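Trainee: Once you've had a glance at the structure underneath, I'll fire off some questions.
The values are calculated or read from the model by the stated rules, or taken from the named source; none is laboratory data. What you are looking at is a predicted structure, and each value in this text was computed from that prediction instead of being measured. Cβ placement follows ideal geometry from the backbone for every residue including glycine, while neighbour counts extend to all protein chains displayed. SASA here: full protein model, heavy atoms, side chains in, ligands and nucleic acids out. Shrake-Rupley method; radii C 1.70, N 1.55, O 1.52, S 1.80 Å.
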Amino acid sequence: MARKPSKSSDLKLTTADRVGAGKGKKTRTRTKAKTTSTAKASPKKKTTRRKAKKQPKWTFWRVMRRLFYWGVVLGVWAGIAVIGIVAYYGMQLPSSDTWAIPDRPANIRIVAADGRLLSNRGKMGGEAVSIHELPHFVPAAVLAIEDRRFYNHFGVDPIGIARAFVNNTIEGRITGGGSTITQQVAKNLFLTPDQNYGRKIQEALLSVWLEQNFTKDEILQLYLNRVYFGAGSYGIEAAAQRYFGKSARNLSLGESAILAGLLKAPSRLAPNKNPEGAAARARVVLNAMAEEGYISEAEAKAAAIDPNKRIRTRVTGTEYYVADWVETLMDNYLGEVNQDVIVYTTINWEMQKQAEFLIKEIVREQGEERAFSQGALVSMTPDGAVQAIVGGIDYTTSQYNRAVTARRQSGSAFKPFVYLTALEHGYRPDTVVEDAPFTYKDWSPENASGKYRGRIQLRDALAISSNVVAGKLAIELGPQNVAQTAYKLGISSNVDAVPSSALGTTGISLLELTAAYAPFANGGQGIIARVISRIETADGEVLYSHEPAGPGQVIAPEYIPMMNDMLAHSVEVGTGRKAKFGNWPIAGKTGTSQKNRDAVFVGYSARLITGVWVGNDDDTPTNASGGNVPVQVWHDFMQKAHEGFAVAQIPGGNVRFDNQQNLEPMTQRPQEGQRRNLGDLINELFSRN
């Protein structure tokens, strides 16, 4: 009999009674069976079923965490790369232990006798100045336009570099480097001007070193004293002198803005070449200074008035010809100049400016009419101290020094050396000579006038510049003796020992020709023309001081009165008669070369010897002669130079040699027994000493 289930058993559920249990059981059974079957077929392959993972959602913060992570990774690698690149270019630099500021090239400050600046020479073109000597707006102008954050950065300005990088990328080339003033100092002192990223890295390293070893003011001072301002001017002092003819210590606000504006493009914005561009750039600088608070807007507007009009810059004067000459002499005095020096010259500033004015005026007034375009002047004291030198009418357009460098024919101005040789061989000023045509070995000299006066005194032959008498004297005395006389008096150019040299066909500089007349004015003492009187260091140490020196007595005392008589007579009645001024006794000789290519006059008083030349650089003929244009300039210059001085006699100037009794033609005098050669004369002079 079957048992009847209890009520409690009706409530008990088995696993099979659960919802979906049957279905699941069947599935597991089939799976198990299948697995067993498969296992039997491939006993080595075991298959497992993984439960699928749920993919996390991409939230904002999860994205940010990812970006931060990869940003850190990339930053680390970028840092490593940068360090490697910096190390690579840094290794190409010398050891930092050897880094030092190179010495600034020496400056040669050349001044007149009264201390007025003639010019600065040397590689920098000007001396160094302390930043504390400058008006406050000079460095302010530079900072406002070149590096506004100078006092806040560490030598490198990341903002400026980033801006430059973007601009370079847009342009596709390096147009700028965002350089700070410190970087520019580093570049100028240590590196080449190449524009590449490797050099910029080295520049940055050096800039950091500079900032660690020098103060900001010291770095700014280095910059101001070495940066290029154009026209061969390195440093603020050189630029101030070059463009405004004054020291940087005396610059105005407007001038400071002009110079600061130059730094962008020194050649293009030079105020002497592009005043409009310089003015526009200066206004930009002034506005920047106002924005930075260095000056007020009212000051900026006021300072812009001058640049807005015509910018007044320095006109390069003829004193630059003097400075060029001094610079060429420095090796002879000091050798290599390795420190700043001050060179005191013998130049008289007022006389220099007077000479400059007269030469320019004569070319302007008569140059076109008389077909000459250049002039030169040399003036010195009887002991050889040069007072003025004008090497041309405009140094800016031509630096060729026609007073010192040019070798031109002196014409009849050479004849005093012929006549002195005659005196030394027994002739006298009142000796009668024959002014008549002759021929010697196919050479037939002619007088410029085409006229001949027959028998005349030697002094008259010189006064009228007789070519035939000078030629006969050279033949009679020997051309080599005439050349020796010229050398003895100071002519350094080669004089050909031929008769025609007596007519001044040899090329001679105006400086040496003028100096060769000095013995006539000083009693026969040979001189060496000099322009340097003293050289000192910037600290006042005397490196050189002139001491009287020279070849000594080059003309025997008895011939001085004779020569001065003849040369004074040439001024009184001859070709140089328009040279007379006041009551001053003077003497001299005119000269005109072949076809009037050169017109010269050299004359002297007891106070000064002065030579004047006019002509053309291309050696073309003129309508001038020694007796007109040069004499006129000489007269005006000497008259001004002698104002306020007591009248003085030239040596032996009151002795006259005009006795015409019992005189014979030159062909009969002097007699053989009376003639003395140069060797006998020199022996006689030595025996007297």
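Trainee: Search the range 452-466 for residues being touching a residue at least 40 places away in the same chain (Cβ under 8 Å) and of a type in the set (S, T, N, Q), and hand back the single one that is surrounded by the most Cβ atoms within 10 Å (Cβ to Cβ).
Mentor: Among those that are touching a residue at least 40 places away in the same chain (Cβ under 8 Å) and of a type in the set (S, T, N, Q), it is S465.
Trainee: Go through (1) of a type in the set (A, V, I, L, M, F, W, C); (2) open to solvent by 10 Å² or more (accessible area, probe 1.4 Å); (3) within 21 Å of the chain's Cα centre (by Cα); (4) more than 30 Å from Q553 (Cβ to Cβ) one by one and return the number of the condition A323 breaks.
Mentor: (2)
Trainee: While we're on this one: Quick check on this structure: which one of V433, V469 is open to solvent by less than 10 Å² (accessible area, probe 1.4 Å), more than 28 Å from V612 (Cβ to Cβ) and among the hydrophobic types (A, V, I, L, M, F, W, C)?
Mentor: Step by step, each of V433, V469 is checked, and only V433 is open to solvent by less than 10 Å² (accessible area, probe 1.4 Å), more than 28 Å from V612 (Cβ to Cβ) and among the hydrophobic types (A, V, I, L, M, F, W, C).
Trainee: Okay, moving on. Does G426 fit the bill of being farther than 26 Å from P585 by Cα and part of a loop (DSSP other than H, G, I, E, B)?
Mentor: Details: farther than 26 Å from P585 by Cα: yes; part of a loop (DSSP other than H, G, I, E, B): yes.
Yes, satisfied.
One line per residue, one yes/no per condition, for (1) modelled with pLDDT under 65; (2) within 20 Å of I145 (Cα to Cα); (3) in contact with a Ser or Thr (Cβ under 7 Å, 6 or more places away or on another chain); (4) crowded, with 16+ Cβ neighbours inside 10 Å:
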residue: I170; (1), (2), (3), (4): no, no, no, no
residue: T175; (1), (2), (3), (4): yes, yes, no, no
residue: L189; (1), (2), (3), (4): no, no, no, yes
residue: N196; (1), (2), (3), (4): yes, no, no, no
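Trainee: So A474 fits all but one of (1) buried (at least 20 other Cβ atoms within 10 Å of the Cβ); (2) in contact (Cβ under 8 Å) with a residue 60 or more places away in the chain; (3) small (G, A, S); what number is the exception?
Mentor: Just one mismatch for A474, condition (2).
Trainee: Sticking with this one: Yes or no: the range 275-289 includes at least one residue that is modelled with pLDDT of 90 or more, closer than 30 Å to H546 by Cα and either of a type in the set (A, V, I, L, M, F, W, C) or in contact with a Lys or Arg (Cβ under 9 Å, 6 or more places away or on another chain) (or both).
Mentor: No, that holds for no residue.
Trainee: Looking at (1) in contact (Cβ under 8 Å) with a residue 24 or more places away in the chain; (2) of a type outside the set (A, V, I, L, M, F, W, C); (3) part of a helix (DSSP H, G or I); (4) out of contact with any strand residue (DSSP E or B) (no Cβ under 7 Å at 6 or more places or on another chain), can you tell me which one Q241 breaks?
Mentor: (4)
Trainee: Across the range 224-256, what is the total count of residues that are within 20 Å of D103 (Cβ to Cβ), surrounded by fewer than 24 Cβ atoms within 10 Å (Cβ to Cβ) and among the hydroxyl-bearing types (S, T, Y)?
Mentor: 2
Trainee: Every residue in the range 377-412 that is small (G, A, S) and closer than 20 Å to A641 by Cβ, please. Outline the logic, then answer.
Mentor: Applying the first criterion (small (G, A, S)) to the range 377-412 yields 379, 384-385, 388, 391-392, 398, 403, 406, 410-412.
Result: S379, G384, A385, A388, G391, A403.
Trainee: Pick from the range 126-143 the residues that are in a loop (DSSP other than H, G, I, E, B) and closer than 26 Å to E297 by Cβ: which of them is most open to solvent (accessible area, probe 1.4 Å)?
Mentor: For the range 126-143, the residue satisfying everything is H136.
Trainee: Right, something else. Kindly list, by first and then second residue, each pair from a residue in the range 282-301 that is polar (S, T, N, Q) to a residue that is loosely packed, with under 15 Cβ neighbours inside 10 Å and in a helix (DSSP H, G or I), limited to pairs with Cβ atoms under 9 Å and residues at least 6 apart or on different chains.
Mentor: N287/E297
Trainee: Would you pick out the residues in the range 257-290 that are open to solvent by 40 Å² or more (accessible area, probe 1.4 Å) and under 25 Å from H132 (Cβ atoms)?
Mentor: Answer for the range 257-290, where residues must be open to solvent by 40 Å² or more (accessible area, probe 1.4 Å) and under 25 Å from H132 (Cβ atoms): there is none.
Trainee: Scan the range 597-614 and report the pairs whose first residue is free of Cβ contacts under 8 Å to residues at least 24 places away in the same chain and whose second residue is outside any strand (DSSP E or B) and open to solvent by less than 10 Å² (accessible area, probe 1.4 Å), with Cβ atoms within less than 6 Å and a gap of 6+ or a chain change.
Mentor: Note: no pairs meet the criteria.
Trainee: Could you figure out which of (1) assigned to a loop (DSSP other than H, G, I, E, B); (2) hydrophobic (A, V, I, L, M, F, W, C); (3) more than 30 Å from the chain's Cα centre (by Cα) isn't true of I491?
Mentor: Result: I491 passes all but (3).
Trainee: Quick check on the range 336-360: of everything there that is within 18 Å of the chain's Cα centre (by Cα) and among the acidic types (D, E), which residue is surrounded by the most Cβ atoms within 10 Å (Cβ to Cβ)?
Mentor: It comes out as D340.
Trainee: To continue, here is another question. Going through the range 205-223 one residue at a time, which ones are under 12 Å from V129 (Cα atoms) and open to solvent by 40 Å² or more (accessible area, probe 1.4 Å)?
Mentor: E218, Q221, listed by residue number.
Trainee: Moving on. Quick one: what pairs do we get from the range 175-192, first residue at positive phi, second buried (at least 21 other Cβ atoms within 10 Å of the Cβ) and modelled with pLDDT of 75 or more, C-beta under 7 Å, 6+ apart or different chains?
Mentor: Partner pairs satisfying both residue conditions: G178/D157.
Trainee: Moving on to the next point. So which strands (runs of 3 or more DSSP E) are wholly in the range 578-641 and hold at least 2 residues that are under 15 Å from A406 (Cβ atoms), open to solvent by 10 Å² or more (accessible area, probe 1.4 Å) and at pLDDT 95 or above?
Mentor: By residue number, no strands (runs of 3 or more DSSP E) qualify.
Trainee: Looking at the range 399-425, which of its residues are among the polar types (S, T, N, Q) and crowded, with 24+ Cβ neighbours inside 10 Å?
Mentor: Selection gives N401, S410, S412, T421.
Trainee: Follow-up. Search the range 77-119 for residues being in a helix (DSSP H, G or I) and open to solvent by less than 30 Å² (accessible area, probe 1.4 Å), and hand back the single one that is modelled with the lowest pLDDT.
Mentor: This residue is G90.
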